[in-house]
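Chemist: For reference, the structure I am asking about is given below.
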Amino acid sequence: MKRIFLFLTTLFACLWASAQSTAPEFSTEADPVWYAVKFKTGEHYLSGPNGAKMVTTASASSDNQKFQFIGNIEGFKMKNKAGQWVTFSDSRFAMTATAGSAVELDLVAGSQDGYFEIGRKGESNRMNQFGGTSVGVQLGEWSKGDTNN
């Protein structure tokens, strides 16, 4: 009976864990995996216009809106399909043409099931839709767990 209970408990734990979202696949510049990154609240996507501050958009159809995660869950850089890297300047996430200026990021499980929060490595704040959840909102930082992250 104890073995059956242990087996069922283990089986339930495995099924529950498999139902949770997993982190994105990390890639290299030579072998990219592209993602459209969407906010849970507002359901808008990240966009990284060349050399400009990042904003939210309604769709993810252009190369500015498709990102790869280069590294691993503990530390990575983001690059869009247009060749721009995510950086951080003047309290906002922005894009830069040089990999050396890219900010190192990490992922943590979000407060909403199945989502992750992106943030600068070593910082407690996370990428956040600054000032609302509509299209065209710039991306700043706010406390981990905020629903606009």
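Chemist: Hey, which of the strands (runs of 3 or more DSSP E) in segment 25-93, taking only ones fully inside, have at least 3 residues that are of a type outside the set (S, T, Y) and open to solvent by less than 40 Å² (accessible area, probe 1.4 Å)?
Modeler: 67-72, 75-80
Chemist: Please enumerate the residues belonging to segment 105-124 that are closer than 17 Å to E74 by Cβ and surrounded by fewer than 15 Cβ atoms within 10 Å (Cβ to Cβ).
Modeler: Across segment 105-124, the qualifying residues are K121, G122, E123, S124.
Chemist: Now for a different question. Could you go through segment 125-148 and let me know if any residue there is open to solvent by 40 Å² or more (accessible area, probe 1.4 Å), within 20 Å of S27 (Cβ to Cβ) and not in a strand (DSSP E or B).
Modeler: no
Chemist: Go through A109, A102 for me and flag whichever is under 14 Å from F39 (Cα atoms) and of a type in the set (A, V, I, L, M).
Modeler: A109
Chemist: Ok, one more. Going by what's in this entry, would E117 be described as out of contact with any helix residue (DSSP H, G or I) (no Cβ under 7 Å at 6 or more places or on another chain) and more than 20 Å from T41 (Cβ to Cβ)?
Modeler: no
Chemist: Moving on. If G131 satisfies every condition in (1) within 19 Å of W34 (Cβ to Cβ); (2) without any contact (Cβ under 8 Å) to a residue 12 or more places away in the chain but one, which is the exception?
Modeler: Single failed check for G131: (1).
Chemist: Name the residues in segment 68-102 that are under 18 Å from E141 (Cα atoms) and within 13 Å of the chain's Cα centre (by Cα), would you?
Modeler: Within segment 68-102, G75, F76, K77, M78, V86, F93 qualify.
The values are calculated or read from the model by the stated rules, or taken from the named source; none is laboratory data. For clarity, every value in this text was computed on a predicted model and none was experimentally measured. Cβ: placed from backbone, ideal geometry, glycine included. Neighbour counts: every protein chain shown. Side chains are part of the model used for accessible areas, which takes the heavy atoms of the whole protein and leaves out ligands, DNA and RNA. Shrake-Rupley method; radii C 1.70, N 1.55, O 1.52, S 1.80 Å.
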